[in-house]
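Only the coordinates and a few stated rules stand behind these numbers; no lab work does. These numbers were taken from a predicted model, which means no experiment stands behind them. Here the Cβ is made from the backbone with ideal geometry for all residues, glycine too, and neighbour counts use every protein chain on show.
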């Protein structure tokens with residue numbers, strides 16, 4: 001009986017941990033997405049220093065969770081998001097508004113993709 | 001490469017511990033659900049080993065989840081007859097009072113060749129000697145011979161025989177198993193005498209030695225390489 005209770009508890013703990021993980025990944029991707037949007041808005045209003053600062057902050061946010069993301073996400077996903085964010089940062093340095101906007105879309109798409117994979121949906125399950 | 005090695009060791013230990021906690025030692029004794037779990041565990045656990053870019057958790061979490069599910073299913077099987085028949089199925093009477101039940105053979109997709117093979121594995125060459133044969137839920141075949149075909153027992157011959165004593169291993173590959181020695185009410189002095197009587201100088205010279213409470217001894221010296 002003890003074994004069964006422990007097995008049930010372990011399953012519940014895993015489920016709770018999975019739900020927490022969804023929350024953490026969603027919060028991280030939302031925060032970075034907002035920072036990317038801020039960078040684009042700053043670039044559109046001509047404030048390139050602000051855009052660069054926000055772009056650097058987006059990259060820094062992603063890197064700050066590196067230890068956690070390497071445990072819970074596939075490394076290929078991490079590499080894709082990192083690549084997209086660094087490309088976005090490069091466009092901010094180049095101060096090209098059009099390309100910055102496209103790079104932002106790409107980065108946000110990959111961030112959303114990561115978040116979607118962790119969410120429990122029909123599409124992610126099947 | 002070092003990372004791959006460490007991941008392999010972790011996964012290996014996780015599988016061994018999981019399978020051990022599941023409590024089955026022989027593949028042939030697994031019920032269908034347990035067999036599925038055993039196969040799945042090895043496949044799922046190998047995913048992070050094949051791809052270093054896959055987090056170890058992607059192997060460990062499925063293993064732990066399957067293990068927990070198997071424990072809960074086993075509990076259900078133990079406690080509910082209906083659940084047990086749902087998950088494991090029911091044994092099927094293949095031979096009933098000497099007659100092959102063809103309906104059960106078809107239902108279980110059990111061919112005559114397979115029946116003959118399973119009987120031969122039990123040293124039964126003549127199907128006419130089998131009174132009952134049951135195909136168990138784990139796929140093994142249990143048989144009961146007609147009384148006149150069954151091996152004779154001392155009881156049938158009205159013979160009195162000595163009670164069987166359970167032989168225990170006293171020395172295993174040179175190592176003395178003290179708790180087994182105590183179980184038959186003996187000590188190391190007695191063991192030493194027996195070992196010397198068999199021609200060995202020390203316990204380390206003995207490959208295996210068993211004895212029962214009536215001092216019936218089986219002894220094998222270690223081969224010199």
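Taking neighbour Cβ counts within 10 Å as the exposure measure, how do A:40, A:120, B:37 sort from fewest upward?
Listing A:40, A:120, B:37 from fewest to most nearby Cβ atoms yields A:120, A:40, B:37.
Compute a Gaussian network model of chain A, connecting alpha carbons closer than 10 Å, and tell me which residue from A:84, A:102, A:17 fluctuates the most.
A:17
Any idea how far the Cα center of region B:197-225 sits from the one of region A:81-103, in Å?
A separation of 79 Å, based on Cα centres.
Cα-based Rg of the protein assembly as shown per 2.2 N^0.38 Å, rounded to two decimals?
Computed over Cα atoms of the protein assembly as shown, the ratio equals 1.62.
Using bins 5 angstrom wide from zero, how does P(r) for region B:144-205 break down, in % of all Cα pairs?
In whole percents, the pair-distance histogram is 4, 14, 18, 15, 9, 7, 8, 12, 9, 4, 0.
Per the Kirkwood formula on distinct C-alpha pairs, the Rh of region B:53-129 is how many angstrom?
It is 16.1 Å.
Normalised by the residues of region A:49-126, what does the relative contact order come to in percent, with Cα pairs under 8 Å and at least six apart?
Averaging sequence separation for qualifying contacts and normalising by length gives 29 percent for region A:49-126.
Pop the C-beta distance of residue A:70 and residue A:1 into the FRET formula with R0 = 35 Å and round what comes out to the nearest 0.05.
0.35
I'd like the FRET efficiency for residue A:13 and residue A:112, computed as 1/(1 + (r/R0)^6) with the beta carbon distance as r and R0 of 22 Å, rounded to 0.05.
0.15
Quick one: grab the alpha carbon gyration tensor of region A:64-126, order the square roots of its eigenvalues as a ≥ b ≥ c, and give me rounded if a/c is under 1.5, else prolate or oblate depending on whether a/b is larger than b/c.
Taking the square roots of the gyration eigenvalues as a ≥ b ≥ c, region A:64-126 is oblate.
Working out 0.36 nm times the residue gap between residue B:221 and residue B:16, then minus their Cα-Cα distance, what length gain in nm do you get to one decimal?
Answer, rounded to one decimal: 70.5 nm.
What Kirkwood Rh does region B:173-225 have if only Cα atoms enter the pairwise 1/r average? Answer in Å.
Answer for region B:173-225: a Kirkwood hydrodynamic radius of 11.2 Å.
As a test of the definition: which semi-axes, in Å, follow for region B:93-135 when you take the square root of five times each eigenvalue of its alpha carbon gyration tensor? Largest first, please.
16, 12, 7
Could you tell me how far the Cα centroid of region B:34-97 sits from the Cα centroid of region A:1-54, in Å?
33 Å
Normalised radius of gyration for region A:1-47, please: alpha carbon Rg relative to 2.2 N^0.38 Å, two decimal places.
2.13
Rg to Rh ratio, region A:31-97, alpha-carbon atoms and Kirkwood radius?
Using Cα coordinates only, the ratio equals 1.03.
Give, to the nearest whole percent, the P(r) tail of region B:119-225 beyond 21 angstrom, counting all Cα pairs.
58 percent
Once the Cβ-Cβ distance between residue B:122 and residue B:157 is put in as r, and R0 is 30 Å, what FRET efficiency do you end up with, to the nearest 0.05?
0.80
Using the basic label-point model (7 angstrom from Cα toward the beta carbon), what is the residue B:78 to residue B:113 distance in nanometres?
For residue B:78 paired with residue B:113, the spin-label model returns 4.1 nm.
Looking at the calculated P(r) for chain A, what percent of the C-alpha pair distances fall above 26 Å?
Counting every Cα pair in chain A, those more than 26 Å apart make up 32 percent.
What does region B:40-185 give for Rg and for Dmax, in Å, if only its C-alpha atoms count?
Radius of gyration, then largest Cα-Cα span, for region B:40-185: 23.7, 72 Å.
Over chain B, with a Gaussian network built from C-alpha contacts below 10 Å, which listed residue (B:109, B:84, B:186) shows the highest mean-square fluctuation?
Among B:109, B:84, B:186, the largest mean-square fluctuation in the Gaussian network model of chain B belongs to B:186.
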